[in-house]
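Every number here is computed from the coordinates shown, using simple stated rules; none is lab data. Since the structure is predicted, the reported quantities are computational estimates derived from the model, not experimental observations.
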Amino acid sequence: MRTPAWFLLLAASSLSLFSTGCGGSKMSYPLMGQPGVKTLVNLHPDEAKHVVYSTNYQYAGLIPVCSDVSIDDVTDSQAKFTVKDSGTQYTLKRTKFTKEPWNTYLDKTFGTTCPDISSLSDVDRQGIKQGDVMEGMSKKGVQIALGYPPDHATPNLNSDRWKYWRGAVTNFTVVFVDGIVKRIEGR
């Protein structure tokens, strides 16, 4: 008796899920296990869960730009990293809204050279330090202070409107005029 194709497909899918678990398939990532890795933008974790989402929810937690971290594990659906100062391990979860390749996203978040903020304005540096956006900040300042806006809602950084979420439901929009924050809608 011949086994139906649908059964074989179901069995193969089940084995695949069993072998990768909930964390996805292991990936090679050049910075994993390397010394000198830093955050390239501020990260805003859910501190209760020690989770950061690729949708870049703007939770109250703050992992400052240029924090020393170790990349502990990377799969196609998440990256585990530890902030060296605190010893706290976080999980950076890839959400369904992240459209760019995962390695590209990770390369915008982690690196070995801190961004140079010395040429940015005082208001940019203040916003970066506080992990918040303020009127008068440049696009570069906002990008470092808040991280990149989710690419499903702001696919082009040349746009004059960058949309961010405070959590899964509430959002706000940073409106730029000539590359400078003019207002923040939905605060």
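Based on every Cα atom in region 122-185, Rg and the maximum pairwise Cα distance Dmax equal 10.7, 32 Å.
Over 18 Å apart at the Cα level, from the set K80/K129; K80/K108; K99/K129; K26/K93, are K80/K129; K99/K129. For the chain, the relative contact order comes to 19 percent (Cα pairs under 8 Å, sequence separation of at least 6). Here the Kirkwood formula puts the hydrodynamic radius of region 20-62 at 12.7 Å, using every distinct Cα pair. Compared with the dominant principal axis of the Cα atoms in the chain, helix 5-20 is inclined by about 50°. Each 5 Å bin, from zero up to the one with the longest distance, holds this percent of the alpha carbon pairs of the chain: 1, 8, 15, 19, 18, 14, 9, 5, 3, 3, 2, 1, 1, 0, 0, 0.
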